[in-house]
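The values are calculated or read from the model by the stated rules, or taken from the named source; none is laboratory data. Computed from a prediction, not measured in an experiment: that's the story for all the values here. Every residue, glycine among them, receives a Cβ derived from its backbone with ideal geometry; neighbour counts consider all protein chains shown. Keep in mind that these areas ignore ligands, DNA and RNA; they rest on the heavy atoms of the full protein, side chains included. Shrake-Rupley method; radii C 1.70, N 1.55, O 1.52, S 1.80 Å.
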Amino acid sequence: MRIAAAVGLLGLCSCTSLTMAEPQIHVSPYLAVYQLRGKTGMQSRPTPSDPLEDNAPQSLRTFGLDHYKEDVGVRVEIGDGFGGVRFDYYRLDMGTTKSGVLGDDYGALQAGDDVRMKADMDELRASYLEPLFDLETEYRNQPLKFRFAAGAVLAYRDLNLRASTVDGARSQRTQIEGNVVYPAIRARLTWRDVALDIDYAVSPDLALGGDFEGLQQDFEARLSYRLPLRDITLFGGYRYSELVAEGTQGEFRYDADLRLDGFQFGVVLTL
């Protein structure tokens, strides 16, 4: 698999890094309170003898997905706590009791249908970032440190959108799957036991097969507090990720311009 090969390359690169000379392992389970929003559209064929018709994109809110949902994720870092190898796994599982009325056809679903949607996704991100420079000064007689790193992220996502009429008479599934490579940067500002981490990754259409395409951005900010005399850190953060895709589901072409964003809360354990 392409993702396995890329993860192997990330690990190989890390062998020459100073951050891996005496690596630590950090494990971060977290609660993700995210929402999935944006638009998606799909072709349709009114009758078997009709040609395929292109349909206008429709908001996920039309399908009832317009709320935040609690899910879980876990992050494992191998390095010096800032740079090194990082693996992230996040499981999205969103359902809804709300419904909406389609303004246009969507695959097997028809305009005027009362519909709702369930979304689920497995996301695995593997990254390697190398620290490039550190700066240090003082604020209120305490060290104020700034660190900067750069590298790359490989993300694999398998997103399924399952839409159906409320009465179950018709349904349409859309699977969006693929790998995306992101050049990435990371910055950390530390004062006493408080740290602010900023991660930004952008992919100018660097897909390794699959349905994702075009410009994709991923931004994350985490504010953390390390408990004194303990190898435990508490954090809260915000993430914004763009999921732009185009592909085929059966005989129908679809496009999706989606956003995943929201808050996360968790703990970092140093092993």
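Using a Gaussian network model on the chain with a 10 Å cutoff between Cα atoms, which of Arg162, Arg230, Arg37 fluctuates the most? Result: Arg230 has the largest fluctuation of those listed. Using a Gaussian network model of the chain in which every pair of alpha carbons under 10 angstrom is joined by a spring, one finds that among Glu130, Glu177, Glu138 the greatest mean-square fluctuation is at Glu138.
In this structure the amide hydrogen of Asp105, modeled in the peptide plane, comes within under 5 Å of the amide hydrogens of Ala111, none closer than 5 places in sequence on its chain. Over region 192-241, accessible surface divided per residue gives 53 Å², non-protein components excluded, 1.4 Å probe. For Asp231 and Asp93, a Förster radius of 22 Å and the Cβ-Cβ distance give a FRET efficiency of 0.10, rounded to the nearest 0.05.
Taken over the chain, the convex hull of the Cα atoms encloses 134 Å³ per residue.
Highest mean first, how do 168-176, 118-126 rank when packing is the count of other Cβ atoms within 10 Å averaged over residues?
Working: 168-176: 15.8, 118-126: 18.7.
So the order, starting with the most tightly packed, is 118-126, 168-176.
Rounded to two decimals, the Cα-based Rg/Rh of region 101-250, with Kirkwood Rh, is 1.15.
Given axes a ≥ b ≥ c from the Cα gyration tensor, I'd like to know whether region 164-212 is rounded (a/c under 1.5), prolate (a/b larger than b/c) or oblate.
Numbers: a/c = 6.70, a/b = 1.96, b/c = 3.42.
Oblate is the answer for region 164-212, as a/c is 1.5 or above yet b/c matches or exceeds a/b.
Electrostatic bookkeeping for Phe219 treats Lys and Arg as +1 and Asp and Glu as -1; over the other residues with beta carbon under 10 Å from its beta carbon, the sum is -4.
Comparing Cα centroids, region 55-74 and region 147-209 end up 16 angstrom apart. Computed over every Cα-Cα pair of region 21-120 and binned at 5 Å starting from 0, the pair-distance distribution P(r) comes out as 3, 11, 16, 14, 11, 10, 9, 8, 7, 5, 4, 2, 1, 0 percent.
Please sort 253-265, 193-205 by packing, taking for each peptide the average over its residues of neighbouring beta carbons within 10 angstrom, highest first. Show your work: numbers first, answer last.
Values: 253-265: 18.0, 193-205: 16.5.
Ranking, from highest mean packing down: 253-265, 193-205.
In the chain, the portion of solvent-accessible area held by carbon and sulfur atoms comes to 58 percent [1.4 Å probe, whole percent, DNA, RNA and ligands not counted].
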